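Comments concern the structure below.
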Amino acid sequence: ALCRNEKVNAAMVARLAAVGRKAKLQGYEILKAIKIDHRPFDIETNAILTPTLKLKRNIAADYYRPDIDRMYAAITSTQTNSKGAVALVFGANFHVTDGAGTITASTTANEQSGQVKIEGPLYGNIRAAAFSRDGLLFAVCTVDKGLHIYETTGWATARRLQSEKRSNALTFEPSGEYLITADKFGDAHWVGTTSEYPETSKVLLGHVSNLCAVDFSFHEKPYVLTCDRDEKLRVSKYPNSYNIQAFGLGHTEFITSVAPARFALDNAVTGSGDGTMRLWNMHTGELLQTVEMSTYLAKYYESGAALCTENTYEDRTAAIRRYGVLRVRAVDAIDAFVAVVERIPAVLVFPFRHGKLAEAQVIDIAHPPTDVGVLGDRLVVSYAPTASGELLTALRHDGDGYVADEELTAAFSANVTTLETEDVPKVQSIFVWGNKMYLERPKGEDADDQE
């Protein structure tokens, strides 16, 4: 019982994190969650040790797989397609629901569920996911360089590969013939979506910094849009992407998301860790508009509604007011862009009027989001893990603005679960991976003072 005690676990994690900070470890090197097991490693009972008492790492990983998965029970990515499907990513798994909130397929499905069983990806937890524009393909990349492409009609595996480098983001090129991956070394790669293509990828283009986002414009001859940790948006011609059309320069922190739109064909909107959304002309790279998210969201810090504690977001800037944009997406059904921001329990919808982002509608939600997906004119928002167990909420457009979609939210609540967990898992801040150097500490905090 003591090993499962939440306070004991929290105290151990806090102590280990303090030791890590004192040793000046980077954010990704510091433990975020642990499993305390009263059963020792041995040779016979769990076969985790060799006869010479060495750890069998692969056996140990399989033995503790349920516990490891519980540490990643949050829905970290919400993807939608043109056919009304919603893919909900959690850890190394994902569910697929229909537009009514019913799970139709899942990597965790069993014979009793009545759902299509999807072959799960190899090589660790899912880092990014995307549907093709026609909705017929779905792909995921994992933290251990895995790539898995599915055909969505029956959720059979189309391709299963391991890339040379770890991908941070991915998208399908408009025809769906190729998957484009963006990796931590700044390269974007072409990968054929069927077994007719070679297993090795080809380099499409390169940055000199970690790539964070990738997408395509909706032009007849599309641009490929890539964003990096060095604050740059690059607009390249496709498929000859060594031809650079423009650079978008102006952000002061890493860019997290880029959104092209059918209704704003020549524009793209980016979101960044600098707390802004920016509107660009793709052809020239001209910065047309900057929206400071603090203008709309400072009130959440002032009221205490913003989730800003070390116990929730694992970054050393927990005491600093941040407005890091997690995701920007186009809502083509109503000619608008939607954005969600780390720590802030709100969704912002910006109508696009006369070539500009108009005044935003700010919709309160119950908890800070992890992602937002677009389902026609509806929005599906995934939450940071909460003790209440809420994972998703839905919003619908009533003609004047967005309101709660109580029916779809109730369906998600009744149907969608991830993995049972006794402790609420923590969500890593985008500033852990986004900042180039050690994360800055709040004023007055010193590593040597941590106990």
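The values are calculated or read from the model by the stated rules, or taken from the named source; none is laboratory data. Nothing here was measured: the structure is a model prediction, and the numbers come from that model. Because the Cβ atoms are built from the backbone with ideal geometry, glycine has one as well, and the counts that use them run over all protein chains shown. Accessible surface areas use protein heavy atoms only, side chains included; no ligands, DNA or RNA. Shrake-Rupley method; radii C 1.70, N 1.55, O 1.52, S 1.80 Å.
Its Cα gyration tensor gives segment 29-161 an equivalent ellipsoid, and the semi-axes of that ellipsoid, as √(5λ) in whole Å with the largest first, are 33, 15, 14.
Remark on LYS232: its backbone amide H falls under 5 Å from those of ILE255, a criterion applied only to residues 5 or more positions apart or on other chains, H modelled at 1.01 Å from N.
Taking every protein chain into account, the 1.4 Å probe leaves GLU286 with about 100 Å² of accessible area, to the nearest ten. The order of TRP155, TRP190 by accessible area, most exposed first and with a 1.4 Å probe, is TRP190, TRP155. Legend: calculated FRET efficiency, THR102 to ASN46, from the Cβ-Cβ distance at R0 = 41 Å, rounded to 0.05, equals 0.60. Normalised by residue number, the volume inside the convex hull of the Cα atoms of segment 259-305 is 85 Å³ per residue.
Computed over protein heavy atoms with a 1.4 angstrom probe, the accessible surface ordering of VAL362, VAL96, largest first, is VAL362, VAL96.
Sorting GLU292, GLU164 by accessible area puts them as GLU164, GLU292; the probe is 1.4 Å, largest comes first, and only protein heavy atoms count. When nucleic acids and ligands are ignored and a 1.4 Å probe is applied, SER175 ends up with an accessible area of around 80 Å².
Computed from the alpha carbon positions, the gyration tensor of segment 218-285 leads to an equivalent ellipsoid with semi-axes of 19, 13, 9 Å, biggest first.
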